[in-house]
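*Asks:* I'd like to ask some things about the structure below.
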């Protein structure tokens, strides 16, 4: 169904009605907290405030990968932030991330806590802190960082663009769906061509670039987001499929992908993570 009603933008836009759709209740044109509430703090050096969406999965996978390498300083408490309830607008969360988006990390390993927000920034912070999953020499380092920031710039077209208009918008707009479906397929082709040249995005070694891209594009080609796999003909991206399957088999990925997850099969949910034993009886344990 196409939207055939022509819309003329007003001279000055004002927020005088809800946008509709699944997330209308939490969308607003202003920042800052809506209510006072402190964030909980656990016993570990890393305090993560998140949800098991693709952006949240990036960080829990990274932390689990670091722990698998033996970096005890990467031990973490993962607290759930139910964004549909507006928890990201609490005074405590806004103090850690003024942008009110998950994930947000409070690194309490030193004398002064360090806040880190935006998923790419968190991955880079952890990679540099622990000297892992980021090459130190060129050109591998530049290649890895380029793909990391490719994801930061590209995924909004997938999530807020294609995903929103295809799956969540209250009105199906042909132009918007066509525009963002085209861009999503172009991005998949970019990835497929790169992964036809190289085992991983940064080169021969698994890195924060893969950890950033996999939760979004790996889920997309496996039909796990937006129910759009058939619509986008994702089977044609053979290299992306190969890469997705390989990463999915990593034990740390199996653990990280279920943290702060509250939907799906019970064995694929771990509402909060405070100890490695929390994974007992869960998928990948």
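The values are calculated or read from the model by the stated rules, or taken from the named source; none is laboratory data. As the structure is a computational prediction, the values presented were derived from the model and not from experiment. Cβ: placed from backbone, ideal geometry, glycine included. Neighbour counts: every protein chain shown.
*Asks:* Would the stretch 107-114 turn up any residue that is surrounded by 13 or more Cβ atoms within 10 Å (Cβ to Cβ), assigned to a helix (DSSP H, G or I) and in contact with a strand residue (DSSP E or B) (Cβ under 9 Å, 6 or more places away or on another chain)?
*Replies:* no
*Asks:* Out of all the residues in the stretch 132-145, is one or more modelled with pLDDT of 95 or more, under 20 Å from residue 75 (Cα atoms) and surrounded by fewer than 21 Cβ atoms within 10 Å (Cβ to Cβ)?
*Replies:* Within the stretch 132-145 (the criterion being modelled with pLDDT of 95 or more, under 20 Å from residue 75 (Cα atoms) and surrounded by fewer than 21 Cβ atoms within 10 Å (Cβ to Cβ)), the answer is yes, since at least one residue qualifies.
*Asks:* Scan the stretch 35-58 for residues that are surrounded by 13 or more Cβ atoms within 10 Å (Cβ to Cβ) and either at pLDDT below 95 or not in a loop (DSSP other than H, G, I, E, B) (or both) and jot them down.
*Replies:* 46, 47, 48, 49, 50, 54, 55, 56, 57, 58
*Asks:* Right, next: Of all residues in the stretch 247-267, which are over 17 Å from the mean Cα position of the chain (by Cα) and surrounded by fewer than 16 Cβ atoms within 10 Å (Cβ to Cβ)?
*Replies:* Listed by number, the residues that qualify are 249, 251, 264, 265, 266, 267.
*Asks:* Which is outside the structural domain of residue 264 (by TED's automatic domain parsing), more than 18 Å from residue 254 (Cβ to Cβ), outside any helix (DSSP H, G or I) and under 20 Å from the mean Cα position of the chain (by Cα), of 201, 232, 188, 220? Step through it out loud before you land on a result.
*Replies:* On the way: 232 fails: under 20 Å from the mean Cα position of the chain (by Cα); 188 fails: outside any helix (DSSP H, G or I); 220 fails: outside any helix (DSSP H, G or I).
Being outside the structural domain of residue 264 (by TED's automatic domain parsing), more than 18 Å from residue 254 (Cβ to Cβ), outside any helix (DSSP H, G or I) and under 20 Å from the mean Cα position of the chain (by Cα) holds for just one of 201, 232, 188, 220, which is 201.
*Asks:* Would a scan of the stretch 238-249 turn up a residue that is assigned to a loop (DSSP other than H, G, I, E, B), closer than 28 Å to residue 205 by Cα and at pLDDT 95 or above?
*Replies:* yes
*Asks:* Next question, about the same structure. I want to confirm something. Restricting to the stretch 232-246 and keeping residues that are surrounded by 20 or more Cβ atoms within 10 Å (Cβ to Cβ) and in contact (Cβ under 8 Å) with a residue 40 or more places away in the chain, which single residue is farthest from residue 163 (Cα to Cα)?
*Replies:* Looking at residues that are surrounded by 20 or more Cβ atoms within 10 Å (Cβ to Cβ) and in contact (Cβ under 8 Å) with a residue 40 or more places away in the chain, I get 243.
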